[in-house]
Structures are given as C-alpha cells and as structure tokens.
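Below is one structure; the comments refer to it alone.
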2 protein chains.
Amino acid sequence: MAKRENISMSVIRRLPRYYRFLRQLRETGVTRISSTELSVKLGLTASQIRQDLNCFGGFGQQGYGYIVDQLCLEIGNILGLKGGYKAILVGAGNLGQAIASHMNFTEDGFELAGIFDSSPFKIGNRIGNLEVSDTSELEAFCAEQKPTMAALCVPREAVEKLSDQLYQLGIRSFWNFSHYDISVKYPDVIVENVHLNDSLMTLCYRIHNAKES
Amino acid sequence: MAKRENISMSVIRRLPRYYRFLRQLRETGVTRISSTELSVKLGLTASQIRQDLNCFGGFGQQGYGYIVDQLCLEIGNILGLKGGYKAILVGAGNLGQAIASHMNFTEDGFELAGIFDSSPFKIGNRIGNLEVSDTSELEAFCAEQKPTMAALCVPREAVEKLSDQLYQLGIRSFWNFSHYDISVKYPDVIVENVHLNDSLMTLCYRIHNAKES
DNA sequence: TAGATTGTTAATCGATTAACAATC
DNA sequence: TAGATTGTTAATCGATTAACAATC
C-alpha cells in the first residue's frame, strides 16, 4: 500500500540484514514469523521492522505475521539481487585478491566481469575464473562490456586519476575500498565506501573510551 | 569546555574521516584551517564539524580557525590511536590474510600479536612477521598475552562457537567480518561489524532503484 | 578597533518508538 | 467470534542545521 519514494539510508542498510536472517530461517524450515519474533532475534523493535517493510509494501498478514519464503523473495527483489550488474575490480593486491575470490558477487546482485592491475607482477595472475588484465585495457573493455560498477582496491594515490578515467568510461557506481572520497568530486555517482582503517579506528575509540567509565 | 558524556556513533564515525583529512592537510604543509574550508572539502556543514569537535573540547581559536597540527593530534588522542591494544586475528583464509597484511594495525591503535586458523594448510604460513598458529593454542596464548580485541575472518558456521570461546578467554571487543551478529548474544561486548556482503547489497539496491527514477 | 570565526544555544528536520484501529 | 498481529498514524527522541553572542 505504502510504496514511499525517498527511502532513507538507515532503512536501506537494514534490508540486507533482514534478508540474511530470513534466508537462515528458511533454511531451518521456519515458514512463518511475526515482527515481534524477528525483533527479538535481530535486537531491533518490532515497530521499526514493520515500518521498514511498509516502505515497500504490505507483505504481512494481519493476525498471522509474515510468510518467511515470500518475504525473503520480496526483499531480494527490492534489493535487486537478480540484477546481475556487470562489475570490474581494479587493484589486485592483497585486498583486491581477497575481495575477488572471497566474495560471491553473483549472490549480491553483480557479475564480476574483469580484474585489472597496473603491476606486471599481478597481470596474468588467475583469480577464481578470471585473469588479471593490464589497466591499459580498461578503455577497450569498458567500451565493449559496459560495466556498471567498479570495485576499487588501489592505493589512495591512484584513486583520483583512476576514478576520473572510470567516470569518463561511463562507470557511475563504485564500491570503494580506497581512502579517497570520490563523491566530493562526482556528486552524481553512487559510492559505497568500505573504509577499513576508519572502521578499525572507531573500534579503537570505543575500547579506549570504555575503559574510563 | 564541553566534554560531553554520551558521544553518538554518528559523531564517532566521522572522527576517523576528520583525522585522515587533517593528516593529508598537514602533509601538504597547511597549518591553519577554518570549519568552513573543512566543510567544503569534506562535503559536510561547518556547523556539524564545529558541533562534532566541541563534543570533546574547544580546539579552535575564535576569529582564526583551527591549527591543523594541533587538531590532528587532539583527534588522534581522542581516538586513542596510541593505545597499542593487543589484537589477534582468527581465520587466515583469503580475507584474513589480506586484512593481516594489508592493514596497518599500528597506525589504527592496535598491535597485531597473533594469527590463528584451524586448517593444517594454513597453520605455519607466514603473514607479515607473524606465523599462523593452530586455534588449539588460543587458550594458552590469551592467558599469556591477554589480547583485548579479536578480528574474526572465519566462516559463519564457525563464529558462534569461536566467539563463545574468545569471550571465555576474556576478549571483549571484536572486529567482525563474519555474517553473524555477536552482540545479540553478548550485549556487553564492543563489536565493529564489517559485513561486506551487506555493503555490496546496498550498492546493488541503489543502482537498481536509481534506474527507475 | 574591525573582521573573522569559533563555541554554544535554539530551531528544524528526520528517524525511531508507541499506540491503536483495521483485519486476517 | 475471539485472538493475534499487521499497517499506519501520532508522539517522542535524537541528530543536524541555523543563528548569534563571545572573543581572538
């Protein structure tokens, strides 16, 4: 019924968590769940869960709850996990290699179509079922395959120039592991930052400041 | 002057970004900066920056701005980056290896003191200046070295049992890369989650839903 | 002193929680 | 029908922005 327009990032960030959890439930054979039960297991309020879901539609049944299987499918659709958006990964260092081989892009809505690096020590290496290509081949690759998203695992010094190039080549969304804020220069671009150092620092802050109380 | 008690996570999460940026400024030889200049470069409001900083004290000078070098140091202290909190990493797969070798724990307030895995294929491998130990040695290691934090890079099936064990061994903070929510079971524990799949899914959502508008 | 910019209070905006009528 | 639980509106809470007095 609802189908609001501007969904807040707070809501969006909770969706994968719901999805993950519902899939687990489905695997354990649970067919039905109420917002209250979910709230207990997720450490949220039932109210919030119902609000969140109702941003996209009325998926539940009054007096009954939600059908796990159905809700799972709905959230998957909302997230667009069947999108198969073509993605490339640039930077095949430790982190890039780990991301490329550890992540299941397909399950998360993407198809990893190419891996690039500028170092001769990396070019030609096989990661999963892909071979690392020279960054000089980026232009031709993008022209032909038209990837939508680029995962950036390059050092900070390299990001600015690289993001300029990729923007030129038509890429408008980034999964950015580098310590550089792309969206300051390109506000029309979708950026999901994973700043591991920042993440670790906030942990440090909390340990540091928990001690004193 | 201010020194409030309950700093919100929103503020805490911005601190590393300020810190990063100020360090860059310092490197480029900038000595002085105003909240307005900072706001432009960071894409925030000047008001927010001043509010954030004033949670911890009055670091600026009216009519002048902030001394980059000094502010940088202050934020470093607030974050507790000199803490050198002893940390271990469990799970030396693709991701664990990348985290262990790619991250500079020392710069972010930690000292990586041990890496553990249960697989015979991993045990004995050298990562940086550490050697992967058998998880069976965890108990002895923790008793002796008393690490504060554990980075978890193990598969989901293994996390619950592992976090139980580590909790028993006195660890009260986690940098968690696994798809399992530790804080539901242990609310007294400090957890920083890095859920890469969730992160990728939110990117998928935004690409998917940007198209339609 | 005049100009600039902070620190801080007040106003606004948004997100979460509570309440309850609708309804399965 | 009675019980349960949703969908949705209203109340609360917190975070961001605006404004301005203090002061370097």
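The values are calculated or read from the model by the stated rules, or taken from the named source; none is laboratory data. Treat the numbers as computed from the prediction; the structure is a model and nothing was measured. Quick reminder, even Gly has a Cβ in these numbers, built from the backbone with ideal geometry, and neighbours come from all protein chains shown.
Residues in segment A:6-53 that are among the polar types (S, T, N, Q), free of Cβ contacts under 8 Å to residues at least 24 places away in the same chain, in contact with a helix residue (DSSP H, G or I) (Cβ under 6 Å, 6 or more places away or on another chain) and not in a helix (DSSP H, G or I): 1 in all. Go through (1) away from DNA strand C (no atom under 11 Å from the Cβ); (2) closer than 30 Å to A:G170 by Cβ for A:Y66 and report which single condition fails. Every listed condition holds for A:Y66 apart from (2). Restricting attention to segment B:1-47 and to residues that are under 20 Å from A:M201 (Cα atoms) and within 9 Å of DNA strand D (Cβ to nearest atom), the residue that is surrounded by the most Cβ atoms within 10 Å (Cβ to Cβ) turns out to be B:R14. For B:E74, the requirement of being farther than 23 Å from A:N197 by Cβ and within 14 Å of another protein chain (Cβ to nearest Cβ) is not met.
If you filter segment A:193-213 down to residues that are part of a loop (DSSP other than H, G, I, E, B) and at pLDDT 95 or above, you find that the one that is farthest from the other protein chains (Cβ to nearest Cβ) is A:H195. Can you tell me which residue is surrounded by the fewest Cβ atoms within 10 Å (Cβ to Cβ) among those in segment B:147-163 that are touching a strand residue (DSSP E or B) at 6+ places or on another chain (Cβ under 8 Å) and assigned to a loop (DSSP other than H, G, I, E, B)? This residue is B:T148. Kindly establish whether A:T106 is within 24 Å of B:H195 (Cβ to Cβ) and more than 10 Å from chain B (Cβ to nearest Cβ). Here the answer is yes, as A:T106 does meet what is asked. Among the residues of segment A:113-150, the ones that are within 14 Å of chain B (Cβ to nearest Cβ) and over 17 Å from B:N94 (Cα atoms) come to 5 in all. With respect to being surrounded by 19 or more Cβ atoms within 10 Å (Cβ to Cβ), charged (D, E, K, R), under 26 Å from B:V191 (Cα atoms) and within 16 Å of DNA strand C (Cβ to nearest atom), A:D52 fits the description. No other residue among B:V68, B:V132, B:V90 is assigned by TED's automatic domain parsing to the domain that holds B:I33 and either more than 16 Å from DNA strand D (Cβ to nearest atom) or of a type in the set (V, I, T) (or both) apart from B:V68. Kindly establish whether B:F56 is more than 9 Å from DNA strand D (Cβ to nearest atom), within 14 Å of chain A (Cβ to nearest Cβ), at pLDDT 95 or above and not in a helix (DSSP H, G or I). Here the answer is yes, as B:F56 does meet what is asked.
Provide a single number: the residues in segment A:164-192 that are more than 9 Å from every other protein chain (Cβ to nearest Cβ) and buried (at least 20 other Cβ atoms within 10 Å of the Cβ). Residues meeting the conditions: 7.
Could you pull out every one of the strands (runs of 3 or more DSSP E) wholly within segment A:59-146 that has 2 or more residues that are surrounded by fewer than 22 Cβ atoms within 10 Å (Cβ to Cβ) and over 17 Å from the mean Cα position of the chain (by Cα)? Can you show your working first?
Working: elements: A:85-90, A:110-117, A:130-134.
The strands (runs of 3 or more DSSP E) meeting that bar are A:130-134.
Quick check on this structure: which one of A:R4, A:R13, A:R17 is within 28 Å of A:S173 (Cα to Cα), within 14 Å of another protein chain (Cβ to nearest Cβ), within 16 Å of DNA strand C (Cβ to nearest atom) and at pLDDT below 95? Talk me through it step by step, then tell me what you get.
Numbers: A:R13 fails: at pLDDT below 95; A:R17 fails: at pLDDT below 95.
After ruling out the rest, the residue left standing is A:R4.
When A:K86, A:K82 are checked against the criterion of being under 30 Å from A:F177 (Cα atoms), touching a strand residue (DSSP E or B) at 6+ places or on another chain (Cβ under 6 Å) and charged (D, E, K, R), A:K86 stands alone in meeting it.
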